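Okay, structure first, notes after.
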Amino acid sequence: MILEILIFLVFISLLFYVVTYPYNFKLNRKLMRVLSFPQVEKIMNPKVKYREFSNKELSDELILEEKYLKTKYTAENMKVLILRPKVMSETPLCLVLLHGIRDKAEDWIYKAKLRENYLTLKKGGRVKDIVFILPDSGYNGESWYTNFYNDKSHQYEEFFSKDLTSFIEQEYPNSKKGIGGFSMGGYGALKIGLKNLESYDVIASFSGAISLIRMSINRRVMRIFRYLYVPSFLFNDVNKAHFMKVFSPWGYKILKNDPYSIIKKTNPERYKRNKFYLSVGSEDKKPYLMLQQWLDVVGRAKRYELNFKGKIYENEYHTWEYISKDIYNFLVFFTEETKKRK
């Protein structure tokens, strides 16, 4: 009898695996559907658009400052870089940019070519004065911008949602604000933005880990997943083991921090004043399924009537080089959308 039950369970498990496996034809079918949305644009043959500037030109135009903010929410003082024009208006735009896992704030400067993209656009009259707030994530670049499960000394979401926001509002009280990020930073930006809609006018993810359920388990079992406990010994990969440390082994706790799930649980009326920007590279499929996550969230954004723009870049992967192309388009988008905000 016991053997028969075990055989039956194995059969059901195999059947479930076959039925729910993310076959390429399913991915392509979903991609075609999302590309039919009027909010989504496919960018063919993306190219670098920024001009090269000498170090002297960069230093003549821009100031880069480093600050450390004390906080009660973490065991470390939080490093923040501030990049701004030397001469600017009293009410510049403010843009928070969050880096990816094991990256650092400086990567926006040197890998994303933020200064070059910004100055190219500013000299062309396409963007206004922008103050860029570039924080380190904390925890050696692995904080996930999240309050660690069962750990009061590593409450990073509290810092970014409260202390960093307060700092920006004190320094630039009348400025319109945006938040965006790459990879883990895209996750942090979308989650923090969704939970603090009143703090940011524009919220963006560039190839972000924005559907945790897609990363951790097949999304078709979401209703079951919320009741599951996932033992950490099942995860040999260092990133997955750290993921469990941050978010906990409990499904319902992971879902509370999942942007894909947060969108569904939020009253759509609260989204009316915000604009969302969601981008990805078409080849960003493995190992963490960023394209698939983007498809999940764009589909849900359309269903719940978020005011969003989606971009998919042909033949681009999960790299800072891709971000150096996308950030140009986003800075234009950010400027144009904040002009519309009262």
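The values are calculated or read from the model by the stated rules, or taken from the named source; none is laboratory data. Only a predicted model underlies this, so the values are computations on that prediction, with no experimental measurement involved. Using ideal geometry, Cβ is built from the backbone for each residue, glycine included, and neighbour counts are taken over all protein chains shown. Note: areas computed on protein heavy atoms with side chains; ligands, DNA, RNA excluded. Shrake-Rupley method; radii C 1.70, N 1.55, O 1.52, S 1.80 Å.
The residues in the stretch 254-280 that are open to solvent by less than 60 Å² (accessible area, probe 1.4 Å) and either in contact with a helix residue (DSSP H, G or I) (Cβ under 8 Å, 6 or more places away or on another chain) or more than 28 Å from M32 (Cβ to Cβ) (or both) can be counted, and the count is 17. Taking the condition without any contact (Cβ under 8 Å) to a residue 60 or more places away in the chain, among the hydroxyl-bearing types (S, T, Y), closer than 30 Å to L291 by Cβ and not in a helix (DSSP H, G or I), does S161 pass? Criteria not met by S161.
In the set (1) within 14 Å of the chain's Cα centre (by Cα); (2) surrounded by fewer than 18 Cβ atoms within 10 Å (Cβ to Cβ), Y317 fails one condition alone, (1). Only strands (runs of 3 or more DSSP E) whose full extent lies in the stretch 26-123 are considered here, and none of them has at least 3 residues that are of a type in the set (S, T, N, Q), over 30 Å from H242 (Cβ atoms) and open to solvent by less than 20 Å² (accessible area, probe 1.4 Å). When K152 is tested against the conditions (1) closer than 24 Å to N257 by Cβ; (2) crowded, with 21+ Cβ neighbours inside 10 Å, the lone failure is (2).
Pairs meeting the criteria (first residue in the stretch 281-300 and farther than 13 Å from K30 by Cα and open to solvent by less than 10 Å² (accessible area, probe 1.4 Å), second residue part of a helix (DSSP H, G or I) and not charged (D, E, K, R), beta carbons under 6 Å, at least 6 apart or on different chains) are G281/Y322; D284/M290; D284/L291. Of the residues making up the stretch 258-296, those that are closer than 15 Å to F182 by Cα, touching a Lys or Arg at 6+ places or on another chain (Cβ under 7 Å) and not in a strand (DSSP E or B) number 4.
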